[in-house]
Structures are given as structure tokens and as C-alpha cells.
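Worksheet: the structure to be examined is printed underneath.
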Amino acid sequence: MKACQTDQDEGRVVAVDISHLQPKVLYMNYLFSVISHFFARVSKLMLHPESPVFTAVLSFLSLKPVVELNNVPELYKMLLSSSAEHHHQEREWVLTLISEGLIEPMDYNILQNRSGVKLLLSLFPTCMVDMAARRLILNILKTAVRMPSVGHDLFYRMSLHSWIASVIDNRLLTGWERCYLGQIYSILIDNEREISRHSSTDNPKYRYKVASTCTRITAQKVLAAMESLSSKETAGENVRAIQSAIDAKWRPKRKKPL
């Protein structure tokens, strides 16, 4: 099953493959937010052929008339751009797309279909990305951890708390970026604590104990980094938030008998 969209300027029909979607999904949400943002940004980009990303993005529609709705379009090509002149602009374009299009957990699943988060975490501490790209990656991570189910997945499956502890003292990072990482860490562990508290008491005890112990271990590195930035107000707020989450209860609440 394909949905067709006609380009009136060129008389070309762009086919969108929607055969993999369930009827209920088609009815409730024909296009996911990331995909909707992509087409919105492309339609705006068509009015600016002088843009450095014009050729890279529009060639996608020329060479690949069938668009898969379960993947971020051109994620690898633009994030790992091989352009000698416009690689920074192409990388920032797709990162901005993800940052603005990550609205609900389903958008996170679309990104993860291509291991998008793992790719972002791999690129962040390297010299391949500049400060603008790192800021966009931080925005994406902060938006993601604010969604309870996504934050839980990032904690358990992606071990984001361990990753933050391993990169927060990277010499390439500015004080502002380390503070931002500390803020993401505090949101992540507080969300995980809330999930542990409201989980069923039938779950194995080791689950909340593992989460609590891992948090205490990684928090030592993050707190040390925040204390070295004590002159920044945000760092102090992060320290208090992290310490509060560590000292609070993680054990699941016992349900009162009816």
C-alpha cells in the first residue's frame, strides 16, 4: 500500500510506503512527528535553493521516491556526512529535525529503528562534532529522558547513566555542556526512581536494587564533575537534585490491602 503525493512544480509523484503499518496506526497517526517535521522542513527548503543542504536533501526525493515511514529519512547520510564543505550544516540539519520532531515515545522508536541514540552517544565525545551539534544532541537526550517510558529504556537498555558518567569529564566539553549532562542525569535517575517506586511488588527485588546501586556508583563521578563547577548556579541545582534522588526510597511501594 502506497500513499502518493504530487509535486506540482515538476509533475512528479512521490510514493510513500505505508504497507507495514497497522490499520489502527494509520487511523490514529498517519505520519509520526519526526516524519511530519521532515516533509515540513523539506517543503520550506524547496524555497531556498541556495541552502548548503539543498542538494543533499532534495537528492533524497529524486533518488528514493519511496519513503519508509518507520525510519528517520537520511539519518546516516547526513549525520555521518562525507561532504567536504557542508558536513557541519548537514549534520545540524538532521539533528535539528530529530530535536524538534521528538515529541512522543513513538518518535523515539522511529529513531531507534536505526540505532539513532547509540549513534548520537558515539559521536558526542568525539572531535567529529562541533559545539552546535553537541548542543542539539543534549537537547535530544533531555527531551527523551523527560518521557517516562523512554527514560526507563535509556536507563536499562542504553545505560545512559553510565555513559554520562564516562564522558562528563571529557576535555572537549565546556562547563555549560557538563552542567547540561548533569541536568539530564538528574532527570534520568529521578524518573527511574519513580518507576521503581510504582512498579509491582511482584517484580524481583534485584531490579530496584540494581538500579539504585548503579545510580550510587555513577553519581559519584557526576557529583564530582558538578562540584568542580560550583561557581555555576545550575551545577549546584544538579547536585541537590541528584543527592535527593539517591537518598530517597527506591523500593516499590506496598499496596494497601482492600
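Before moving on, here are some points about what is shown:
- Residue in region 217-237 that is within 24 Å of the chain's Cα centre (by Cα), among the basic types (Lys, Arg) and crowded, with 19+ Cβ neighbours inside 10 Å present: no
- Looking across region 68-111, the residues that are under 26 Å from residue 153 (Cα atoms), assigned to a helix (DSSP H, G or I) and among the polar types (S, T, N, Q) come down to 96, 99, 109.
- Reported count of residues in region 154-185, each being within 22 Å of residue 109 (Cα to Cα) and either at pLDDT below 95 or of a type in the set (Ser, Thr, Tyr) (or both), is 6.
- Residue tally, condition touching a His at 6+ places or on another chain (Cβ under 6 Å) and of a type outside the set (Gly, Ala, Ser), over region 98-129: 1
- In region 159-182, the residues that are among the aliphatic types (A, V, I, L, M) and in contact with a Lys or Arg (Cβ under 8 Å, 6 or more places away or on another chain): 165, 168, 173
- Residue list for region 163-182, restricted to those being more than 10 Å from residue 222 (Cα to Cα) and assigned to a helix (DSSP H, G or I): 163, 175, 176, 177, 180
- Any hit, region 118-129, residues being in a loop (DSSP other than H, G, I, E, B), within 18 Å of residue 56 (Cβ to Cβ), β-branched (Val, Ile, Thr) and over 13 Å from the mean Cα position of the chain (by Cα): yes
- Test result for residue 132, in contact with a Ser or Thr (Cβ under 9 Å, 6 or more places away or on another chain) and not basic (Lys, Arg): no
- Of the residues in region 146-158, not one is in a loop (DSSP other than H, G, I, E, B) and either buried (at least 19 other Cβ atoms within 10 Å of the Cβ) or among the small types (Gly, Ala, Ser) (or both).
- Whichever residue in region 183-204 is of a type outside the set (Val, Ile, Thr), in contact (Cβ under 8 Å) with a residue 24 or more places away in the chain and part of a loop (DSSP other than H, G, I, E, B) and, among such residues, is surrounded by the most Cβ atoms within 10 Å (Cβ to Cβ): 199
- If only residues of region 58-100 that are touching a residue at least 60 places away in the same chain (Cβ under 8 Å) and under 17 Å from residue 135 (Cβ atoms) are counted, the one that is surrounded by the most Cβ atoms within 10 Å (Cβ to Cβ) is 98.
The values are calculated or read from the model by the stated rules, or taken from the named source; none is laboratory data. It should be emphasised that the depicted structure is a prediction, and the values quoted were computed from it without experimental measurement. Here the Cβ is made from the backbone with ideal geometry for all residues, glycine too, and neighbour counts use every protein chain on show.
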